[in-house]
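Notes for the one structure printed next.
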Amino acid sequence: MRLNQDIIRSLLLEAEGEEPVDLSPYSSEQITYHKVQLIEAQYVKGFIHSGLGNVIGAEINDLTWEGHQFLANARNHTVWNQVKEQVAKHGGSVGLKVVEVLAGQIALDLFK
């Protein structure tokens with residue numbers, strides 16, 4: 001499965017618990033997959049539930065420092081939309097660290 005940056009951002013917003021998040025456009029498999037990726041990348045604290053060698057669920061309990069830093073820049077809709085435009089302009093597929101750095105740069109540009 002391919003990472004979806006919008007699901008990543010939505011799950012981080014949900015974990016923060018400050019605003020309502022609509023995950024209904026996504027399947028439970030997509031949500032679980034992205035929760036696992038966020039846990040493994042240490043953007044969130046949580047548990048991965050497995051049975052017979054397969055992931056059967058994941059639970060996010062809180063954001064880590066890294067998750068808070070990512071969300072601090074990606075929360076703003078203007079910043080997030082510009083990040084998505086830049087990623088699409090350059091091929092549409094980059095790693096989460098690139099998205100994180102790009103969001104930070106765009107957020108900084110708002111202060112210039």
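The values are calculated or read from the model by the stated rules, or taken from the named source; none is laboratory data. Because the structure is predicted, anything quoted here is derived from the model rather than measured. Virtual Cβ from ideal backbone geometry, glycine too; neighbours counted across all protein chains shown. Accessible surface areas use protein heavy atoms only, side chains included; no ligands, DNA or RNA. Shrake-Rupley method; radii C 1.70, N 1.55, O 1.52, S 1.80 Å.
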Out of everything in the range 1-19 that is touching a Leu at 6+ places or on another chain (Cβ under 9 Å), open to solvent by 50 Å² or more (accessible area, probe 1.4 Å) and not hydrophobic (A, V, I, L, M, F, W, C), what residue ends up being farthest from VAL94 (Cα to Cα)? GLU19
Of the residues that make up the range 44-55, is at least one at pLDDT 95 or above and either open to solvent by less than 40 Å² (accessible area, probe 1.4 Å) or part of a helix (DSSP H, G or I) (or both)? yes
Look at the range 86-97 and say how many of its residues are open to solvent by less than 80 Å² (accessible area, probe 1.4 Å) and assigned to a helix (DSSP H, G or I). 4
Picked from the range 73-82 (must be under 16 Å from ILE8 (Cβ atoms) and touching a residue at least 24 places away in the same chain (Cβ under 8 Å)), the residue surrounded by the most Cβ atoms within 10 Å (Cβ to Cβ) is ALA74
Restrict the check to the range 78-85 and report whether at least one residue is hydroxyl-bearing (Ser, Thr, Tyr) and in a helix (DSSP H, G or I). yes
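This table checks each residue for (1) assigned to a loop (DSSP other than H, G, I, E, B); (2) touching a residue at least 12 places away in the same chain (Cβ under 8 Å).
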site: MET1; (1), (2): yes, yes
site: LEU11; (1), (2): no, yes
site: GLU19; (1), (2): yes, no
site: GLY57; (1), (2): no, yes
site: GLN69; (1), (2): no, yes
Going through the range 23-34 one residue at a time, which ones are assigned to a helix (DSSP H, G or I) and open to solvent by 40 Å² or more (accessible area, probe 1.4 Å)? SER28, GLU29, GLN30, TYR33
